[in-house]
Each structure stands twice: as C-alpha cells, then as structure tokens.
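Participant: Sharing a structure with you now.
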Amino acid sequence: MAVSRLPRPLAPYAADPERSRGRRHPEPPPSWRNEFQRDRDRIVHSSAFRRLEYKTQVFVNHEGDLFRTRLTHTLEVCQIARTIARALDLNEDLTEAITLAHDLGHTPFGHAGQDALNACMRDHGGFEHNLQSLRVVDELEQRYAEFDGLNLCWETREGILKHCSRLNACHLGTLGERFITRTQPGLEAQLANLADEIAYNSHDVDDGLRAELIDIDELRELELTGRLLREVETACPRLPLRRMLYEMVRGMIGSQVADVLESTRVAIGEHEPDSIDSVRELGTPLIRFSDAMNAAHKELKQFLFHALYRHHRVYRMAEKAKRTVTDLYQAFFDDPALMPPQHARRTRELALAQDNDGRARGVADYIAGMTDRYAILEHQRLFDPQRLT
Ligand code: MG
C-alpha cells in the first residue's frame, strides 16, 4: 500500500500542541510555530546540541572522520522516528524535538565516560545521562532572560526522560509519576526510544565493519543480517562488497521500521486508545517490534556487545577515557577553584545548598558538558607540567 508523503490529520492518541500540559514558566504562545516546533528550535539553538558534534558515539571523535558522532547518531534517530511518526499519524514536531534532545546529557567518551562519572558520583546520587539530558534542558542551558533552561513543554520533557530510578522519580513531580506507577509515556516518546535502538544497532554494524572490528562472516550467522545479506547477494550477485554491506545496513533500518509499523498498528487496533492519556495508562508500550524482530534485535545487540563494544581496541580506548574522566572529577572535586570561574562559582552555590552532594553535582555538570577533545585538553592542562595554559 502506498503511503501518502504529506502529513495527515493527527490520530486521536497523538500529542496535540494545543492541549500541552504546558511549560514550567508560562509564556505567551508562539506566533508562527506551534509549541512543539518552538521546543525543537530551542533545542537546535542550544550549546549542548552543538557539542554533540564532538562527542563519542562508540569511536572516540578523533579516531576517524567517517564514524558516527553523537550528532550524526541524533540526526539518524530523528529521521527514523519522523518517518514512523508520519506513517502512524503521530505528532512529527514533538517526535523531532524529543529525538534531537535525547542525548544532550551524554558525557564525553560515550558510555565509558558515563560509567566513570557514575562511579565517581556513587556517594552523591550517581550520574545518569538520561537524567542529565533533562537537567540540561531544565537548568543548565542559560540563554533566556526569564528562566534557566529551555523551558520546554511537559510532553517534550516526558519524552527526554526515558528511564529513571524510583528514587530519582520521586523528585521529578508529575514527570516522574510513570516510573512509580509503571505506566507508559505518550507514543511520540515511545517512538523516540525505539528509533534510538534501530539507529544505533544499524549504524554500529556499519561503523564496526568500517573499523574492521566486525567480520562479514559473523554477520551471516545472525538472523537479521544473515537474511539481508542472502537477499542482497541473490538479487545483485556481482555487487562490490562495500556496496553489498551498505545495502544490508539500509535493509536493517528498512525492515525494522516496517516491522515497527506493522506491530504497532496491530497493538493500536487491539487497545484502541482514544487519547494520549489512554496511551499513558497502559502497562506496556504500543510502539513495538514483533516477537520475531525483538528476538533478532536482541541477538544483534548481544553480538555487538561482544564483538564491538568489548573489542580490544574499543576497550583500551574506553579504559583510557574512564581514567581521563576520573582524574578530572577528582581534581575538580578536591579543589573546585581549578574549574573555570563560572563553574567554580556555580559549584560553590550548589555546595552551600547541598554540601558535598552539591559540590559533586557541580563538578559532574561541568564534566558532562565537555566534548571529547575539550576533556582531553583540560586533562593536559591539569596534569601535564609542560603545558602552561
Ligand atoms: Mg541515543
């Protein structure tokens, strides 16, 4: 069946900017855009968004120019999610805003950086990149006269907060409720979550092949990539290997998107939600893979974990990154005056209110905001006696 390329009226269970739960600080409505478009624009204009360009996805930024960065990952998630949103008559503007913001809280050096910062913060509430994304848009961006943060709509913030411990959820008001009642967010938020997984599973295979950390024969053994490779080889037997692999990665995204569309339509048909609130009351997400795709997806994830994320080369770089973050944290926590004056001042204010927890949070905010190359430079400035500034 051909799908209309033009946006159609929204489904009754889609988020409606006219019926948003509002912003933390009330503002007059925008003149030429809807509320979710305004959120998207604020995110794109934020400093945290620009920093995504120089933050690691899997490969540290300077390892090669063709690997994904947080920014290109973010754009791929956004593009996949918008396609699905439009096909399901969901709110494409909100989907775009959520996906563009979903990784704003990531530390430098990807998961290695987050793990290191979380370990440093063990006695001070921990560090979680997802919660940090919310902190970026709620507090840390300081560019508007009337409020701290970007003052985004409740629905955008709901989508940014993908997961959260019950303890943290208790401090987040209505936004944290679903983690206590174990209910669901709106469909645009569910979609952003799944599109993230579709994007990174597919592009990590692509990047892993490019870095020669993954072997094509290993991919033949897996359900999804094995099937796609056989299909491409049968249809175009003389295709050069590189193009064959591109076709496979393209097929990975296409078949996962097709599967989500079909399974989600069935789930919506079964539950017949008539509003975004009836979606939120459900115990399980409606945006979903089929059982077969779920199994194939999990298999791929496990394969990537061992073959790529635990690969000797990636592992060595990750351990180096952890040491860099840990050194920075310890130096700044011991003496916040080593940080640039505005961060030192903010950390002092946080420490006045919350003692060592506040001091640790101020240091974590500074480190989490760094790009890979800035963190490396700060480390040299602090620990390399040859370096003067
Ligand atoms: Mg992501």
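The values are calculated or read from the model by the stated rules, or taken from the named source; none is laboratory data. Computed from a prediction, not measured in an experiment: that's the story for all the values here. Backbone-built Cβ (ideal geometry, glycine too); neighbour counts: all protein chains shown.
Participant: Of the numbered conditions (1) of a type in the set (A, V, I, L, M, F, W, C); (2) within 14 Å of the ligand (Cβ to nearest atom); (3) buried (at least 18 other Cβ atoms within 10 Å of the Cβ), Leu75 satisfies every one except a single condition; which is it?
Facilitator: Single failed check for Leu75: (3).
Participant: Would you point out the residue of the range 25-44, among those that are touching a residue at least 24 places away in the same chain (Cβ under 8 Å) and part of a loop (DSSP other than H, G, I, E, B), that is nearest to Ala192 (Cα to Cα)?
Facilitator: Filtering first and then ranking leaves Asn34.
Participant: Which residue out of Leu90, Leu94 is away from the ligand (no atom under 16 Å from the Cβ), in contact with a strand residue (DSSP E or B) (Cβ under 9 Å, 6 or more places away or on another chain) and assigned by TED's automatic domain parsing to the domain that holds Ala195?
Facilitator: Residue meeting the stated conditions: Leu94.
Participant: Could I ask something else about it? Check Thr174, Thr181 and return the single one that is in contact (Cβ under 8 Å) with a residue 12 or more places away in the chain and of a type in the set (Val, Ile, Thr).
Facilitator: Within the list Thr174, Thr181, the selection yields Thr174.
Participant: Quick one: in the range 350-364, which of the residues that are in contact with a Pro (Cβ under 8 Å, 6 or more places away or on another chain) and of a type outside the set (Val, Ile, Thr) is nearest to Asp123 (Cα to Cα)?
Facilitator: Quick first cut of the range 350-364, residues in contact with a Pro (Cβ under 8 Å, 6 or more places away or on another chain) only: 351, 359, 362-363.
Among the residues that remain, those that are also of a type outside the set (Val, Ile, Thr) are: 351, 359, 362.
Numbers: Ala351: 15, Arg359: 12, Gly362: 14 Å.
Going through the qualifying residues, I end up with Arg359.
Participant: Please enumerate the residues belonging to the range 153-206 that are farther than 26 Å from Ala11 by Cβ, within 16 Å of the ligand (Cβ to nearest atom) and among the aliphatic types (A, V, I, L, M).
Facilitator: Result: Val205, single match.
Participant: Please count how many residues of the range 97-114 are within 11 Å of the ligand (Cβ to nearest atom) and at positive phi.
Facilitator: 1
Participant: Which of the residues spanning the range 118-155 are of a type in the set (Lys, Arg) and in contact (Cβ under 8 Å) with a residue 24 or more places away in the chain?
Facilitator: Listed by number, the residues that qualify are Arg135, Arg143.
Participant: Scan the range 200-234 residue by residue and report those that are at pLDDT 95 or above and either under 20 Å from Leu75 (Cα atoms) or β-branched (Val, Ile, Thr) (or both).
Facilitator: Listed by number, the residues that qualify are Thr225, Val232, Thr234.
Participant: Which residue pairs have Cβ atoms closer than 7 Å, lie 6 or more positions apart in sequence or on different chains, and pair a first residue in the range 86-109 that is within 22 Å of Val136 (Cβ to Cβ) with a second residue that is of a type in the set (Asp, Glu) and at pLDDT below 95?
Facilitator: Here the result reads Pro108/Asp372; Phe109/Asp372, each pair linking the range 86-109 to a residue that is of a type in the set (Asp, Glu) and at pLDDT below 95.
Participant: Now, a different point. Only helices (runs of 4 or more DSSP H) wholly contained in the range 164-219 count here; list those with 2 or more residues that are acidic (Asp, Glu).
Facilitator: Once the helices (runs of 4 or more DSSP H) in the range 164-219 are filtered for at least 2 residues that are acidic (Asp, Glu), what remains is 187-210.
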